[in-house]
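Derivation of every value follows stated rules applied to the coordinates shown; laboratory data play no part. What you see is a predicted model; the values in this text were computed from it and never measured. FYI the Cβ positions are ideal-geometry reconstructions off the backbone, even for glycines, and counts take in every protein chain you see.
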């Protein structure tokens, strides 16, 4: 039948920071949620835009030409090819929309990098 999900509830239930989980699909994109705190990593996605929607808390997205501060309910699209680093001083819950080809930390690998298989594991 139809699956109804609450991204806000799922993000709140996650027990790892910086470990996005897929909660839906729209055409060639994944809808993901994540719980974050601290800094991820400077990276870029050469061929994909990345949408951030704040479900709870605040997020700063640092970019080489400046930063944006996002509050709960606000969204921002990081354009393809733009180096960025998401930072949350306090715990923050996010909804992300990314192409299925988007690598978690783009052009870099860190201990926070998660494969798509890890992001698709059951909740």
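Between residue 28 and residue 9, the contour length at 0.36 nm per residue exceeds the Cα-Cα span by 4.4 nm. Between residue 47 and residue 116, the C-beta separation translates, for a Förster distance of 22 Å, into a calculated FRET efficiency of about 0.90. Taking one quarter of the surface of the convex hull spanned by the alpha-carbon atoms of the chain gives a direction-averaged projected area of 7.3 nm². Calculated FRET efficiency, residue 108 to residue 2, Cβ-Cβ distance, R0 = 41 Å: about 0.60 to the nearest 0.05.
Is any residue of region 84-112 close enough, with backbone N under 14 Å, to a label point placed 7 angstrom from the Cα of residue 74 along the Cα-Cβ axis, and if so, which? What the label zone holds, given the 14 Å backbone N cut-off, is 87-89.
Based on Cα contacts under 8 Å between residues 6+ apart, the chain shows a relative contact order of 31 percent.
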